Amino acid sequence: MKLENNTYNIQGIKIDELAREFGTPLYVYDASVIQEHLDRFRAGFSSVDLKVKYACKALTNMSIMKYLLKQGTGLDTVSLAEIQMGMTVGFEPNDMVFTPNCVDFSEIIEAVELGVKINIENLSNLEKFGKKYGGSVPVCIRLNPQIAAQSNNEKVDWWHKQSKFGISLDQIENVKALEAKYGLTIDGIHIHSSSVIMSPEIFINGAKAVFDIAMQFEQLDFIDFGGGIKVDVGDGNEVIDVLELGKQLDVEFSSFCKKYGRRLQLWFEPGRFLVGNAGSLITTCVLRKRNGGTEFIGVDSGFNQLIRPMMYGAYHEIVNASKPNGSQQKYTVVGNICEIDNFAVDRMLPETQEGDLVVLKSAGAYGYSMASNYNSRFRPAEVFIVGGEAHLVRKRDSYEDLVRNQIVID
Ligand SMILES: *Cc1c(COP(=O)(O)O)cnc(C)c1O
């Protein structure tokens, strides 16, 4: 099943109409794709009390956040500003969880004052939390369960080896000591696996390990399995079958709850799964050029607007929306940043000319939210398509935006 938006139109609106109306480069998000992914995520769960918390760092646009609120999700936040944005669009504090890492304790105090759920991922802050609040404010603890990852990706491997996240399992006794010392109310256990788990079986094995740990804590209200669920980006790599995962976890979690003696909530914090496939970065080919043996397509964007290919080696499907049926050729697609700036190397694409619209797909997650003004270029506008209508949900930056906080001294 392919859920991605059609290549040349989004909900019936042609790419070239969008480009004409809003200009390029342009981020476009398709609400129906978000909806389909959310439905698909929920579909496997039939008996457990599932709570989906949208991890809004993936795409921190308040119209998108509000849309997900209307679909009944909560919010996973990693900074105080994300909490503030969540409140602005109407999330109840209690439906938001604050899951930062490496923050000063003062941020956690502020989050407690705002009334959001608190997730703590290190012993140092847990100790400070105990000293300040005792058991009066419930707290969730983030563990680093080192679930065996099935991945050949070096970056992911590297991620695991130097992972700074969570409290490692050999420190559970320290957590329990703090719990006893301060009378902590530990109401949740959290893990987040960062896009490395490809099969329901591996996930379920990890979940069982978490259930064993959970049995050691008596006051739990929920278990939070975090995010990290990949979407099919068209690169031929396997992704986890979420329907199957849901079905299996539904059964396992229900039997865990029986054993635990209480019906707990089951939380997930998907980011990219909900919004990844929903977004496209629409660019214009501004330059065709040959250097040595390489044919370059130069577009009016760059890694300042979509950093994932350069930063993570991420694959984005690329299409020529203007001339989809030209003869296939091998191209390197590059951006305009004044250093190596590849979107794709040696990619087969239809023959492309200057002026053609070149679309980078599956750019909804960690696209705009990781964009910068490097090279003093404006971040793109963002358009959200809901019910067949295109809404501008963020303007393109202006020169004034770029220089707003600069102070020129003599
Ligand atoms: C980033 C993050 C997520 C979302 O990750 P995705 O890979 O986008 O699903 C969820 N939970 C936490 C704690 C995160 O830091």
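So here's what we get for this one:
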item	result
Flag for Gly228 being within 16 Å of the ligand (Cβ to nearest atom), under 30 Å from Leu281 (Cβ atoms) and either exposed (fewer than 14 other Cβ atoms within 10 Å of the Cβ) or touching a residue at least 12 places away in the same chain (Cβ under 8 Å) (or both)	yes
Residue in region 276-298 that is among the hydroxyl-bearing types (Ser, Thr, Tyr), in contact with a Phe, Trp or Tyr (Cβ under 9 Å, 6 or more places away or on another chain) and open to solvent by 10 Å² or more (accessible area, probe 1.4 Å) present	yes
Residue check for Val97: in contact (Cβ under 8 Å) with a residue 12 or more places away in the chain, more than 16 Å from the ligand (Cβ to nearest atom) and among the aliphatic types (A, V, I, L, M)	no
Selected residue (only one of Gly302, Gly335 is buried (at least 22 other Cβ atoms within 10 Å of the Cβ), at pLDDT 95 or above and over 23 Å from the mean Cα position of the chain (by Cα))	Gly335
Verdict on Gly293 being away from the ligand (no atom under 15 Å from the Cβ) and at pLDDT below 95	yes
Any chance Ile120 is among the hydrophobic types (A, V, I, L, M, F, W, C) and closer than 19 Å to Glu179 by Cα	yes
Meets criteria (open to solvent by less than 40 Å² (accessible area, probe 1.4 Å), at pLDDT 95 or above and more than 20 Å from Gly276 (Cβ to Cβ)) for Asp346	no
Residue check for Arg272: of a type in the set (Lys, Arg) and within 16 Å of the ligand (Cβ to nearest atom)	yes
Some residue of region 112-128 being touching a Leu at 6+ places or on another chain (Cβ under 8 Å), open to solvent by less than 20 Å² (accessible area, probe 1.4 Å) and more than 16 Å from the ligand (Cβ to nearest atom)	yes
Test: residue in region 306-329 that is of a type in the set (A, V, I, L, M, F, W, C), in a loop (DSSP other than H, G, I, E, B), over 27 Å from Tyr54 (Cα atoms) and in contact with a Ser or Thr (Cβ under 8 Å, 6 or more places away or on another chain)	yes
Matching entry among Leu75, Leu26, Leu59, Leu18 (being closer than 11 Å to Leu274 by Cα and of a type outside the set (S, T, N, Q))	Leu59
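The values are calculated or read from the model by the stated rules, or taken from the named source; none is laboratory data. Being a predicted model, the structure only gives us computed values, none of them experimental. Note: ideal-geometry Cβ built from the backbone for every residue, glycine included; neighbour counts use all protein chains shown. All accessible areas refer to the heavy atoms of the entire protein, side chains included, with ligands and DNA or RNA removed. Shrake-Rupley method; radii C 1.70, N 1.55, O 1.52, S 1.80 Å.
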